Every structure is written in structure tokens, then in C-alpha cells.
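Here, each number is a calculation from the coordinates, and none is a lab measurement. Please read these numbers as outputs of a predicted model, since none were measured by experiment. Heads up, the Cβs are rebuilt from the backbone with ideal geometry, glycines too, and the neighbour counts pull from every protein chain shown.
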Amino acid sequence: MTDRLDILIFGAHPDDAEIGMGGTVAKHTQAGIKVGICDLTHAEMSSNGNVDTRRIEAEEASRILGLTARTNLGLPDRGLRAEKEQIDPIVREIRRFAPRIVFAPYWEDRHPDHVMCSRMVQEAVFNAKLRRYMPEFEAVTVEQLYFYYINDLGPSDLAVDVTAVYETKLNALKAYRSQFTSPGTVAEYVRTPLNQGYIEQVEARDRVTGQKRLVRYAESFTTKQPHLINLF
Ligand SMILES: [Zn+2]
């Protein structure tokens, strides 16, 4: 299958995956791992920017991160529902790309769309392995589902050292000019939590996470399934 990815990350909005795990993405694409991001919506309810600017910004961030694929399901922003007609397109993406590992937003976050996205992806990962569910597409069993953090931090069960690629993460975030540019520099922009030093907060968080394992920057994740490892 030519579309096959090693890692597929879902976010509610373009920029979610970059905020939570842009460094982990860059680290793996630079090592030759095939990584894709699927955004559920175009973030059309965002206070700043519009669908076109968000699309161009996402394309730039994708280039910076070295993604193999970036797709958008065009589901309604602030209208995400864990219902069949919205979960099935996620199942189709999983079956199309057949990733070994899927990432979803952590199941608690101050933005309800991130919470809903988390739930929808969990449902889709489950359905994707059922061969009698949507039998027109071959069933895919995802090896591991991990959760990344967008606005709020939770348990750090896994951490990835992203020190060597941190500049790349920052550049990918800065590609979202409509979201992170401070108002005042662009007359029509309104103040939102994202343009009040948000990138600096993400950087500070990744520093604190890194400190737990004595590296400069790290991104943390959690999982509901035990992480299978070989000790030696
Ligand atoms: Zn978001």
C-alpha cells in the first residue's frame, strides 16, 4: 500500500499536533519514519485568520516538519460529535494509511473540541480493526494509541527528548502566523490565549518536561494500554 504511514496523528484543528508533539514529529521524520497528520476541522471558528490562511499555514508547517501526508476531514469546528457519520471518515483514514502508531489529543483539555477529538479517535481506532465494520476497506489493527497534550498537561508516562529538533518545532508553530502573531502587529486581529505568549508557554512546558529526565526539551505522552518494551 503506497499510502502507508508509520505514525498518524489526529488533531481537532491545524496546529494541535504541532503544539503537542511537533518535536516528536520532526525527530521521527528526520530519521526516515513516515509521519502524517490528519486535522478533523479547518478551525473555521477561530477568532483570527480564516480557512484559506489556516490551510496555507498548515502546508508550511507540514513542509517544515517533513510530513509524508497532511489531510483534513472538513468536519465542523465546534460541531464535532462522537457519532457514526463523523467517526467513519476517521476509520477510513486509519485504514487508508494503516499506521502502526496513532496519536490523539489527551482526553482532558480546556477546549471541548480537543476532548471530543480524543474520544472520536479512540472509537475509530477500535472500529478500524473490526473486519465486519465497513468491510469495503481492509481492517487495520493499530499497535499503540498514544495521547499528546495541547493546552493542559497530564501524566507523563512517556517522554521524547526533542532537544535536537526544538528549533524545527518552534518554526512549525511560527508558521501559524494568524494564530500566534501578537495583535497590534496586525490591525484586524483580536486578543486570544494563543497570541499572548502561547509559544513561549509551550516552550516552557517542554523545558519542564525535559527537566524530569535531565534533557533540555521533551514532549510527554500517555496511553491507556501498557507500553510494551524489552528491558534489554
Ligand atoms: Zn485546537
Notebook entry, point to check: Tally Lys and Arg at +1 and Asp and Glu at -1 over the other residues with C-beta under 12 Å from the C-beta of Val140: what net charge comes out?
Noted result: +3
Item checked: Packing rank of 52-60, 137-145, where each peptide gets the mean count of other beta carbons within 10 Å, highest leading -> 52-60, 137-145
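Do the alpha carbons of any pairs in Lys27/Lys84; Lys129/Lys224; Lys169/Lys212; Lys34/Lys212; Lys174/Lys224; Lys27/Lys129 sit beyond 23 Å of each other, and which pairs?
Values: Lys27/Lys84 34 Å; Lys129/Lys224 17 Å; Lys169/Lys212 20 Å; Lys34/Lys212 28 Å; Lys174/Lys224 32 Å; Lys27/Lys129 28 Å.
Exceeds cut-off: Lys27/Lys84; Lys34/Lys212; Lys174/Lys224; Lys27/Lys129.
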Notebook entry, point to check: Which whole-percent values make up P(r) of the chain when all C-alpha to C-alpha distances are grouped in 5 Å steps starting at zero?
Noted result: 1, 7, 14, 19, 21, 17, 11, 6, 2, 1, 0, 0
Check: Among 106-118, 194-206, how do they line up from the highest to the lowest mean number of other beta-carbon atoms within 10 Å?
Finding: 106-118, 194-206
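Given only helices, namely DSSP H runs of n ≥ 4 each adding -39500 (n - 2.57), what is the per-residue ellipticity at 222 nm of the chain, to the nearest 500 deg cm²/dmol?
On the way: 7 runs with 88 residues, N = 232.
Result for the chain, helices only: -12000 deg cm²/dmol.
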Next item on the list: Report the paramagnetic label zone for Asn171: residues of the range 1-42 whose backbone N is under 15 Å from a point 7 Å from Cα along the Cα-to-Cβ axis.
Entry: 22-31
Note to self: If amide hydrogens are placed 1.01 Å from N in the peptide plane, which non-local residues have theirs closer than 5 Å to the one on Ile9?
What the structure shows: Gly36, Ile37, Cys38, Phe103
Check: Taking a spot 7 Å from the Cα of Gln201 along the direction of its beta carbon, which residues of the range 154-170 have an amide N less than 18 Å from it?
Finding: 154-155, 170
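With Cβ to Cβ distances under 15 Å as the rule, what net charge do the other residues near Ala175 carry (K, R +1; D, E -1)?
Details: positive: Arg54, Arg55, Arg63, Arg70, Lys169, Lys174, Arg177; negative: Asp15, Asp16, Glu18, Asp39, Asp52, Glu57, Glu59, Glu60, Glu167.
Computed value for this residue: -2.
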Next item on the list: Report the convex hull volume per residue for the range 1-101, counting only C-alpha atoms, in Å³.
Entry: 98 Å³
Next item on the list: Tabulate in residue order the Karplus-calculated ³J(HN,Hα) for the range 90-106, using 6.51 cos²θ - 1.76 cosθ + 1.60 with θ = phi - 60°, rounded to whole Hz; enter x for Gly and Pro.
Entry: 5, 4, 4, 5, 5, 6, 5, 9, 6, x, 6, 10, 10, 10, 9, x, 4
Item checked: Between the range 157-228 and the range 89-134, the alpha-carbon center distance in angstrom -> 23 Å
